[in-house]
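Since the structure comes first, as structure tokens, the remarks are kept for the end.
The values are calculated or read from the model by the stated rules, or taken from the named source; none is laboratory data. Note that this is a predicted model, so its numbers are computed, not measured. Note that we place each Cβ from the backbone using ideal geometry, even for glycine, and neighbour counts take in every protein chain shown. Remember, those area values only see protein heavy atoms, side chains included, never the ligands or the DNA or RNA. Shrake-Rupley method; radii C 1.70, N 1.55, O 1.52, S 1.80 Å.
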Amino acid sequence: MPQAATVAEPTTGTSGSDFAPLLRSAREQGLLERRTGWYALGIAANLLAVAAVVAGLVLIGDSWWALPLALPLTVLWARTAFVGHDAGHAQITGNRKVSLAISLVHSNLLLGMNQAWWNDKHVRHHANPNHIDKDPDVGVGALVWTQKQAEQREGFARWLTRNQARLFFPMLLLEGIALKIYGFQYLRRQPARERVLEGSLLVAHFVGYFAFLLTVMSPGKAAVFALVHHAFFGLHLGMAFAPNHKGMEMPDPDGERWGHLRRQVVTSRNVRGGILTDWFLGGLNYQIEHHLFPSMARPNLRLVQPLVRAHCKAVGVSYAETGLIDSYRQALTHMHEVGAPLRTDRASDGTGDRPEQNAAV
């Protein structure tokens, strides 16, 4: 049976003396204890809310008035994704089998996302955030994150990189579908037993989702609903993950290896806000704390934040925190600057836009 992939808090490292006092303080205050009851209530409330939206779709039936329900279903799917994320980090329970079961139900069955693919990618990200050679989140894909990567782009990819900042949010509309595709592709890399289990759940989600929509509405309306729903879902997840690391420091692959505290803190950005921000971003607005203590229960992240902020100040490590809108501005500005050399090259050969059209985001 597959095992849930988790990232544990390190207790030693090249700069263990910097992190050890913080880890000790968090443990002494009980902030590393899990909040299983909190999660149980949250999961139950989310599932009941999803059931209410499903009931609403049944009651409305074959009508375009069902389309607005794609928005609340999107928001609830994002809560479901956050539960899968937390289960993968062992934040909900220390029992690996229970964590895996929660992750399989919430990711594979309810969302059609392969939890094994996500955890493999996410564990590598946590181990080396923003490391160009080791973090898959800053590898070359549809978007690129360094000017060196940008210089190697050709053809349509080169045009995409020139305009990636302005295209970022529109491209997120495709992410909900892309996540399903990546999950199915990853099945080929999994052992046979895992492939059967996780693949069966992915197929069950796909069949169940479209069978339900085609039962309550016409094929045309079902297709539009599914497209709108997945577009908003990808946008919502992108809005939750985009502020966390884009535009933050990137370690030099050939330079000194940073210790755990610096590696996790200076590459991450927190987003200020209250209860609504915590809920909308699934606790990922405490990105620094989450990276320092990846198995810490979500409601404890805001409680450990004062300790982390004070400790970073004491040891001279920069602690980045900003508002939600400004976090997007910083991320988009970074993406715009990455593509700047390509816009300069295009302008120099007379094929580019006018300078005023290439103003920073």
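Conditions (1) closer than 30 Å to Leu104 by Cβ; (2) open to solvent by less than 60 Å² (accessible area, probe 1.4 Å); (3) in contact with an Asp or Glu (Cβ under 9 Å, 6 or more places away or on another chain), marked per residue:
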{"residue": "Ala157", "(1), (2), (3)": "no, yes, no"}
{"residue": "Gln164", "(1), (2), (3)": "no, yes, no"}
{"residue": "Leu179", "(1), (2), (3)": "yes, yes, no"}
{"residue": "Tyr182", "(1), (2), (3)": "yes, no, no"}
Hey, among Phe212, Phe169, which residue is closer than 26 Å to Leu342 by Cβ, in a helix (DSSP H, G or I), open to solvent by less than 70 Å² (accessible area, probe 1.4 Å) and of a type in the set (Phe, Trp, Tyr)? Phe169
Scope the stretch 282-336; condition within 18 Å of the chain's Cα centre (by Cα), outside any loop (DSSP other than H, G, I, E, B) and among the hydrophobic types (A, V, I, L, M, F, W, C); matching residues: Ile288, Leu292, Leu301, Leu324, Ile325, Ala331, Leu332, Met335
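Residue-wise test of (1) small (Gly, Ala, Ser); (2) within 30 Å of Thr146 (Cβ to Cβ).
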{"residue": "Gly61", "(1), (2)": "yes, no"}
{"residue": "Ala66", "(1), (2)": "yes, no"}
{"residue": "Arg79", "(1), (2)": "no, no"}
{"residue": "Ser107", "(1), (2)": "yes, no"}
{"residue": "Gly112", "(1), (2)": "yes, no"}
{"residue": "Gln115", "(1), (2)": "no, yes"}
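So that you can scan it fast, the table gives a plain yes or no per residue for (1) at pLDDT below 90; (2) exposed (fewer than 15 other Cβ atoms within 10 Å of the Cβ); (3) over 22 Å from Gln147 (Cβ atoms); (4) among the charged types (D, E, K, R):
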residue	(1), (2), (3), (4)
Val317	no, no, yes, no
Gly323	no, yes, yes, no
Ala331	no, no, no, no
Gly352	yes, no, no, no
Restricting to the stretch 247-263, name every residue that is touching a residue at least 24 places away in the same chain (Cβ under 8 Å) and either within 17 Å of Pro306 (Cβ to Cβ) or among the small types (Gly, Ala, Ser) (or both). Gly247, Gly259, Leu261
Within the stretch 278-314, track down each residue that is open to solvent by 30 Å² or more (accessible area, probe 1.4 Å) and free of Cβ contacts under 8 Å to residues at least 60 places away in the same chain. Asp278, Trp279, Phe280, Arg302, Pro306, Arg309, Ala310, Lys313, Ala314
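Return the residues of the stretch 108-144 that are of a type outside the set (Val, Ile, Thr), assigned to a loop (DSSP other than H, G, I, E, B) and open to solvent by 50 Å² or more (accessible area, probe 1.4 Å); say none if nothing qualifies. Spell out how you get there, then give the answer.
Filtering the stretch 108-144 for residues of a type outside the set (Val, Ile, Thr) gives 108-122, 124-131, 133-137, 139, 141-143.
Checking which are assigned to a loop (DSSP other than H, G, I, E, B) leaves us with 112-114, 128-131, 133-135, 139, 141-143.
If the condition is that a residue be of a type outside the set (Val, Ile, Thr), assigned to a loop (DSSP other than H, G, I, E, B) and open to solvent by 50 Å² or more (accessible area, probe 1.4 Å), then Asp133, Lys134, Ala142 are the ones that fit.
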